[in-house]
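The values are calculated or read from the model by the stated rules, or taken from the named source; none is laboratory data. Not measured: the values here are computed from a predicted model. Using ideal geometry, Cβ is built from the backbone for each residue, glycine included, and neighbour counts are taken over all protein chains shown.
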There are 2 protein chains.
Amino acid sequence: MSTLFTNAWVLTMDPAMVEHANGWVHVEGDMIKALGSGAAPQIAGAELVDCGGDIVMPGMVNTHCHMGMSVFRGLAEDVDDRLYRYILPLERKFVTAEMVRVGSALSALEMIEAGVTSVADMYYFETEVGHIVAQSGLRAIVGQTLADFDAPDHKDFDRGFALTEELAETFADHPLVSASIAPHAPYSTGLDAMSRIAQWSAEHSTVPVQIHLAESQLEVDWAREKHGCSSVAVVHQAGLLKQGLIAAHCLHLSDEDIAMMVQAGVGAATNPRSNGKAGRGIAPVEAMRRAGIPVGIGTDGPMSGNTLDLFAQFAPVSMFAKLLAGSRKPLPAGDVIRMATIEGARVLGLDRQTGSVEPGKQADLIRISLASPRLQPIYDPYAVLVFAAGPSDVRDVMVAGRWLKRDGAVQTLEPKKILRDAMQIAQAFKAEMTRIDGEPM
Amino acid sequence: MSTLFTNAWVLTMDPAMVEHANGWVHVEGDMIKALGSGAAPQIAGAELVDCGGDIVMPGMVNTHCHMGMSVFRGLAEDVDDRLYRYILPLERKFVTAEMVRVGSALSALEMIEAGVTSVADMYYFETEVGHIVAQSGLRAIVGQTLADFDAPDHKDFDRGFALTEELAETFADHPLVSASIAPHAPYSTGLDAMSRIAQWSAEHSTVPVQIHLAESQLEVDWAREKHGCSSVAVVHQAGLLKQGLIAAHCLHLSDEDIAMMVQAGVGAATNPRSNGKAGRGIAPVEAMRRAGIPVGIGTDGPMSGNTLDLFAQFAPVSMFAKLLAGSRKPLPAGDVIRMATIEGARVLGLDRQTGSVEPGKQADLIRISLASPRLQPIYDPYAVLVFAAGPSDVRDVMVAGRWLKRDGAVQTLEPKKILRDAMQIAQAFKAEMTRIDGEPM
C-alpha cells in the first residue's frame, strides 16, 4: 500500500526543523519512503492525497495518560475533597476490566480525533487497555500500575507483578503496543517495592518504567520526613532513576534533582492543565530542557485534565514558561511543537520510530486543515498550532501507514457504541454520587 | 418572527443559576418571551428548533478586543522587541480604514463561529468597525482609541475627539451598536488628556469609557515616577474612575486600588491568555470579585491573544485563580461561565439587555452541540464548557432574534471573501517584515 500526500505544508520536525511549504510525502507500507518540495514524483499505484495547502506533520505524542478514566471526566470539579469523597469510593466500586475497556475506547477515539498517534498510558487492567489501543490503531506504551493501596486489580505486589508479566507476554511481538511497568508514585509505592520493581525492570530491559514524580507538596513532605531527602532521591535510592524512566509531572524539583535526572537519562512528561487545575504549581520545563532532560507533553487522565488532545496543553505549557520568566521569549512555539512530537517520542524511547517526518521512519502523520477563520492569516505555522488550532482542525490521521481518521471520520472505532457505553457507566456513577451525598459528611 | 427551541439543556445564567435539563425557550421578535421545563407550549407559526439535548445558553460577552488587529494574528510571536521592531512600523504604514474593515470582518466572523454575541472593541477608524459589526449582526460597544502617540487615524486629541463624536452620532440610534471613547492607557494618554476625556464623558453620559489599566510593570513604574501613586490613582485623579468604566487587564492592583475601583463602580475585563503569553502576570480575579468588582472575560486583540473565542480563555482564567490560591476550589466552572455571560454583560452595562436567558431579555442565544467524544460523559455542564468545549462545538448563534450562525454556517458574512482579503493584507505585511529583517538592527 502506497500513499502520496501532495500540495502539503510539511513540518518535518527533523533536527533542522525543515519545512516544505509546497511539499509532498511518499508513504510505502508502514513507512515514510521519501519527501520533498515542489513537483511530487509519479508513484505507480499510489493513492493520491491532495492536501490543498494543509499542514502535514508528525502525529502527536501524549506522554502521560490514564485512558480508562475518561468515564470520570469532569466529575466533582472544584471540590477540595473530591479524591476521598468521590473518586476512591467510585474506583473501588466500579473499576473493572469492562469499565477500563469502555473508558479506554472513549479515550482512544478522542485522541485519534485530535491527532494524537502515540500515547503512554498507566492504569489498571492494563492488558485490556492494550487490546483496545491495538484495535484503535494507536501506537502505545501501556503501563500496569503497581501501588501499595487497595488497587482495583491487585491486592498485593505479587499479583501486580503477575499482571505486568501477563501484559508483557501478551504484547511481546506487537508492532505498535508495548508493555510498561508503572509504580504509582514514590509515596504510594514505597522504597522496598520500588527496589523490587527496579530489579524486575533490570531483568526486563525492554519494558519501560513510568512513575508520577515530584507532583505535590504532600510528596515532597513525605520524602523529607520519611527519608530525609527529595522524592527524586528516594527513586534514585531504589535504583529506578535510570535511562528511559518516564517521570510524569516533575513540579517540585531542586537543581540537584534535575542534575540527578540528567545524569540518569530520565525523560519528563509535563501536564500543565492537570497541574494548573489542581492549583499545584508550574513545572520548571525550561530549566529541565536547558539541563538536557527531554520533556514531552502529557494530558494526564481525563479526570485531571479533562481532554486528551495536546492542543489544550499548548497555550498553558507556553504561558507557564513565560510567566515563570516574566518574558515573551521562553519556549517559543516551535519548541512546544517539538515537545509534542519528536521530544515526546524521545521521552517514550520511540524517537527512532516516530515523532518526525523523515525517510525510514514509521508513517505516523496528521493533516491539519487551515480553513477556519480562527487560524488565518498565518505568519508562523507553529504559532498557529500552539495558540489557535484545536482538535476540530485535524482532518486526517495515519499511524504506521494505516488511516485512523480520514476526511474527519474515525476509521477504526465505533463512536456511537462507545459513547452509549460511556454514558451508561456515567449513569451508575451519578446514582452512587447521589447516594454518597445523602450520607452524613 | 417567532422561534421555539425545544429539547434543550437550558443554562439560564439567571441569579439562581436555574437550569432546565429538558427545556424550551420561546423567542418572539428580538426578545425572549418565555422558557421552561418539560413539554413546550404550542406556538402558532413558530419555527421549531429541536435541540436534541444540546446546551442552549446566553451568547458570550467578549469584554475586551481589538478586532481590527486580526490581520496581525501570530506575527512575530515570542520576540521580545516585536512591538518596536515590527508592530508599530506595520501599524504606521498599513493601518487604514480598509485594513480595519478587513480585520474587523475576520474578527466578527470568528466570534460568531465561536458563540460570542456581544463585544467591546477599541481600536482606530472605529466608525468602520461599527459598520462591520452592524452588518455582522453582533451586539457591540465600539470604542475610538485616543492616545498621545502617532496614532494611525489622529495626529492630535482634537482630531481624536472629532472622530469619537462622529462615531457617537453615527450609531446614536442603532439597536445593537453603541459608541465608546477609549483613552489607550494612563501612560500613553496622560493626565491632562484623561481629564479632558472625563469632562467629555460627563457631557456624553450614554457613551461608556474603556481603558487599558494596570497592565504592565512599565505602567506601574511610570505612575510611581511621574505621579507618585498607582496608575489607578492617576485615572481617579483625572476623574475617569467612575461608574461604568471598562478597565481592561487590571493585573497590578493593590488593595487600595481595588477599594477605589469598587467605590467608583468600575468593571474589569480580564485577558488571561494575553497576559500569560506576554509573561506579565496573573490578574487578581478572585480578589476583585470578592470585593465586588464585576469581572468579565476578554480576548484582547488577536495579536496578543490569537483567537477571539472565550473558550480559549476559560481554562487559563480558572487555572490562574487556582494557581494563585494553591487550591482546586477558587473560581468554580459555574463562576467562569457567569463571567463569560451575565457578569461580562454587567461590565459592559448591557446586563439589562443580554447575558442571561430570562423573559423580557434580548434573544442573544447560542446552542452547543454535545456530540464530540471530548465532551462526554457529562456530570457538570459548566465544567464541560470551561475545560473541554471549543468553538467547533457551537452549532447555532442568535442575536436579538436574528440567526447569525445556523447549523454550523455563518449567515451574515461572506467567509471566503473575508479570508481572501485578510490573506492579501498578510502578504503585504510579510513583504514589509522581510524588508525590516534586511535592515541593520
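Go through the residues of the stretch B:400-415 one by one and say whether even a single one is within 11 Å of chain A (Cβ to nearest Cβ), on the phi < 0 side of the Ramachandran plot, among the hydrophobic types (A, V, I, L, M, F, W, C) and not in a strand (DSSP E or B).
Yes, the conditions are met somewhere in the stretch B:400-415.
Over 30 Å from B:Ala422 (Cα atoms), of a type in the set (Val, Ile, Thr) and within 14 Å of chain B (Cβ to nearest Cβ): which single residue out of A:Ile436, A:Ile342 fits that description?
Being over 30 Å from B:Ala422 (Cα atoms), of a type in the set (Val, Ile, Thr) and within 14 Å of chain B (Cβ to nearest Cβ) holds for just one of A:Ile436, A:Ile342, which is A:Ile436.
Quick check, is A:Val207 surrounded by fewer than 24 Cβ atoms within 10 Å (Cβ to Cβ), under 18 Å from A:Gly143 (Cβ atoms) and touching a helix residue (DSSP H, G or I) at 6+ places or on another chain (Cβ under 7 Å)?
Yes.
Here are the criteria: (1) at pLDDT 95 or above; (2) away from chain B (no Cβ under 14 Å). Tell me which single one A:Glu91 does not satisfy.
(1)
Taking the stretch B:28-50, which residues are farther than 19 Å from B:Val116 by Cα and under 29 Å from the mean Cα position of the chain (by Cα)?
Of everything in the stretch B:28-50, those that are farther than 19 Å from B:Val116 by Cα and under 29 Å from the mean Cα position of the chain (by Cα) turn out to be B:Glu28, B:Gly29, B:Lys33, B:Ala34, B:Leu35, B:Val49.
Yes/no per residue for (1) in a helix (DSSP H, G or I); (2) over 19 Å from B:Leu404 (Cβ atoms):
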| residue | (1), (2) |
| --- | --- |
| B:Asn62 | no, no |
| B:Pro89 | yes, yes |
| B:Met99 | yes, yes |
| B:Ser104 | yes, no |
| B:Val119 | no, no |
| B:Phe149 | no, yes |
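Among (1) touching a helix residue (DSSP H, G or I) at 6+ places or on another chain (Cβ under 9 Å); (2) not in a helix (DSSP H, G or I), there is one condition B:Leu109 misses while meeting the rest; what is its number?
Condition not satisfied by B:Leu109: (2).
Looking only at the stretch A:261-279, how many residues end up being more than 20 Å from A:Val209 (Cβ to Cβ) and crowded, with 21+ Cβ neighbours inside 10 Å?
Number satisfying all stated conditions: 7.
Could you tell me whether any residue of the stretch B:323-335 is modelled with pLDDT of 95 or more and away from every other protein chain (no Cβ under 14 Å)?
No.
Please enumerate the residues belonging to the stretch A:238-265 that are touching a Gly at 6+ places or on another chain (Cβ under 8 Å) and either within 14 Å of chain B (Cβ to nearest Cβ) or of a type in the set (A, V, I, L, M) (or both).
A:Leu245, A:Ile246, A:Ala247, A:Ala248, A:Leu251, A:His252, A:Val262
I'm trying to understand the selection: among the residues of the stretch B:356-381, which are within 8 Å of another protein chain (Cβ to nearest Cβ) and among the polar types (S, T, N, Q)?
B:Ser372, B:Gln376
Mind telling me which of the residues B:Ile258, B:Ile342, B:Ile293, B:Ile282 ends up being of a type in the set (Val, Ile, Thr), buried (at least 20 other Cβ atoms within 10 Å of the Cβ) and part of a loop (DSSP other than H, G, I, E, B)?
Exactly one residue qualifies, and that residue is B:Ile293.
Quick one: is A:Leu176 within 25 Å of A:Arg352 (Cα to Cα) and buried (at least 19 other Cβ atoms within 10 Å of the Cβ)?
Criteria met by A:Leu176.
Return the residues of the stretch A:200-232 that are part of a helix (DSSP H, G or I), among the acidic types (Asp, Glu) and under 23 Å from the mean Cα position of the chain (by Cα); say none if nothing qualifies.
Hit for the stretch A:200-232 is A:Glu219, nothing else.
Here's the yes/no breakdown for (1) free of Cβ contacts under 8 Å to residues at least 24 places away in the same chain; (2) in contact with a strand residue (DSSP E or B) (Cβ under 7 Å, 6 or more places away or on another chain):
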| site | (1), (2) |
| --- | --- |
| A:Met57 | no, yes |
| A:Thr63 | no, yes |
| A:Met67 | no, yes |
| A:Val79 | yes, no |
| A:Leu88 | yes, no |
| A:Glu91 | no, no |
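Could you list, in sequence order, all residues of the stretch B:299-322 that are at the interface with chain A (Cβ under 9 Å from one of its Cβ atoms) and among the charged types (D, E, K, R)?
Residues satisfying the conditions are B:Asp309, B:Lys322.
Do the conditions hold for A:Gly115, that is, is it crowded, with 24+ Cβ neighbours inside 10 Å and under 25 Å from A:Ser201 (Cα atoms)?
So A:Gly115 fails the test.
What residue, among those in the stretch A:244-255 that are modelled with pLDDT of 95 or more and assigned to a loop (DSSP other than H, G, I, E, B), is surrounded by the fewest Cβ atoms within 10 Å (Cβ to Cβ)?
A:Ser254
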